[in-house]
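What follows draws every value from the coordinates through simple rules; no lab data is involved. Please read all numbers here as calculations on a predicted model, not as lab measurements. Cβ: placed from backbone, ideal geometry, glycine included. Neighbour counts: every protein chain shown.
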Amino acid sequence: MANPNRRRFTRTTLDLPVKVRCEMTGRYLAGRTQNASEGGLLVKIDHPSLLVPGQRVLVGTAQHKRQAIIEQAHMVSATVVRSLRMAGGQTVAVAYDEPQRLLAAG
């Protein structure tokens, strides 16, 4: 019987600014994390441009809620694994190429 919990990492609710850069187009999209783990993020993006599963992205998460600028040097490589279009935006799940240390929201 298959394991119903296929996640390798525990998810934590997290509400922080995030920046996603689509490697194909070079476009940056702003959003907010909904939850996070060492293996990836669930992000709400308020932009109608649809990222699709398999697409390569760079992702940067703010260190605290009021951080306005996320430098490209602090962004990590990831792959879109799930995408759901919503009114005026989308929810995107990304998996990091390498596990990342989870930050405490501040």
Problem set entry | Extreme residue, farthest from residue 101 (Cα to Cα), among residues of segment 31-43 that are assigned to a strand (DSSP E or B) and touching a Phe, Trp or Tyr at 6+ places or on another chain (Cβ under 6 Å) | 40
Problem set entry | Every residue from segment 65-106 that is out of contact with any Asp or Glu (no Cβ under 7 Å at 6 or more places or on another chain), farther than 16 Å from residue 49 by Cα and of a type in the set (Gly, Ala, Ser) | 68, 73, 95, 104, 106
Exercise. Would you pick out the residues in segment 3-30 that are touching a residue at least 24 places away in the same chain (Cβ under 8 Å), in a strand (DSSP E or B) and not hydrophobic (A, V, I, L, M, F, W, C)?
Worked result: 12, 17, 19, 21
